[in-house]
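*Asks:* My structure is below; once you've seen it, I'll send some questions.
Any read-out appearing in this document is the output of simple, stated calculations on the displayed coordinates, not a laboratory observation. Because the structure is a prediction, the values reported are computed rather than measured. Note that we place each Cβ from the backbone using ideal geometry, even for glycine, and neighbour counts take in every protein chain shown.
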Amino acid sequence: MTESTDVRGVLTQTPAGTTVRFERRYATDVDDLWTCLTEPGRVARWLGPLYGDLRVGGAYELRMGDDVPDADQNATGEVLVCDRPHRLEVTWVFPDETSTLVTAELRADGDGTVLVLEHRDLQEAAARGYGGGWHACLDQLEDHVAGRPVRAWQDLFDAALPLYREV
């Protein structure tokens, strides 16, 4: 069973924009959770098909809708930090939005692993949706890690979005 240390996530205003921050605990070891974030076959099970090179300087495309290149639901970016198995930082470019930063940090916690996910430099108008969106994605990650069927993103998003108010 996955235990969450901050299920709802926190939205904060910074000089560069809005940050959405989650801290969740998963009942698995650091190496296993790292592969959930970086191995395309595992990422596809909870987030979407992942293409590219997850090395520093590499580029990626995450297809969160249909598995079609350059679609409106695809995030793209560059890998800035890839320190296996502790830290991954990427730029995040979504169609019609400015470039932002996503950081995932992992740390061992007894028989589990804590994931701290931050999405920084968001425009205030987009932050609420990203709060609900990441909340839903991390719930799907929880399902994947626990070996359960992964629940539908839209259902999870619809339930989570009301938890995130304007900053």
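*Asks:* Would you kindly calculate the mean projected area, averaged across all directions, of the convex hull enclosing the Cα atoms of segment 96-167, in square nanometres? The partial results should precede the final answer.
*Replies:* Values: hull surface 23.7 nm².
It is 5.9 nm².
*Asks:* Among the helices of the chain (complete DSSP H runs), which have Cα atoms covering no less than 24 Å along the helix axis and a Kyte-Doolittle mean of at least -0.5? Mind dumping the intermediate values first?
*Replies:* Numbers: long enough: 124-146 (33 Å, -0.39).
Within the chain the helices that satisfy the rule are 124-146.
*Asks:* Sticking with this one: What's the magnitude of the charge dipole for the chain around its Cα centre, counting Lys and Arg as +1 and Asp and Glu as -1 at the beta-carbon? Answer in Debye, nearest 20.
*Replies:* Values: 16 positive and 30 negative charges, 57 e Å.
With only Lys, Arg, Asp and Glu charged at Cβ, the dipole is about 280 debye.
*Asks:* Something else now. Looking only at Thr18, Thr98, Thr113, which one moves most when the chain is put into a Gaussian network model with springs between Cα atoms under 10 Å?
*Replies:* Thr98
*Asks:* Okay, moving on. Pick from Ala59, Ala136, Ala127 the residue whose mean-square fluctuation is largest in a GNM of the chain, springs joining Cα atoms under 10 Å.
*Replies:* Looking only at Ala59, Ala136, Ala127, the largest GNM fluctuation is found for Ala59.
*Asks:* Cut-off 10 angstrom, C-alpha nodes, Gaussian network model of the chain. Which of Gly65, Gly129, Gly77 fluctuates the most?
*Replies:* It is Gly65.
*Asks:* Okay, moving on. Kindly identify segment 1-65 as rounded, prolate or oblate by the Cα gyration tensor criterion: order the square roots of the eigenvalues as a ≥ b ≥ c, call it rounded if a/c is under 1.5, otherwise compare a/b with b/c, prolate if a/b is larger, else oblate. Write down the numbers at each step before the final one.
*Replies:* Numbers: a/c = 1.98, a/b = 1.16, b/c = 1.70.
It is oblate, given that a/c is not under 1.5 and a/b is not larger than b/c.
*Asks:* Still on this structure, please answer the following. Relative contact order of segment 1-130: what whole-number percent is it, with Cα pairs under 8 angstrom and at least 6 residues apart? Could the numbers behind the result be given before it?
*Replies:* Working: 288 pairs, mean separation 33.6, N = 130.
After rounding, I find 26 percent.
*Asks:* Continuing with this model, one more query. In terms of the Cα gyration tensor, with a ≥ b ≥ c the square roots of its eigenvalues, is the chain rounded because a/c is under 1.5, prolate because a/b exceeds b/c, or oblate?
*Replies:* The shape class here is rounded.
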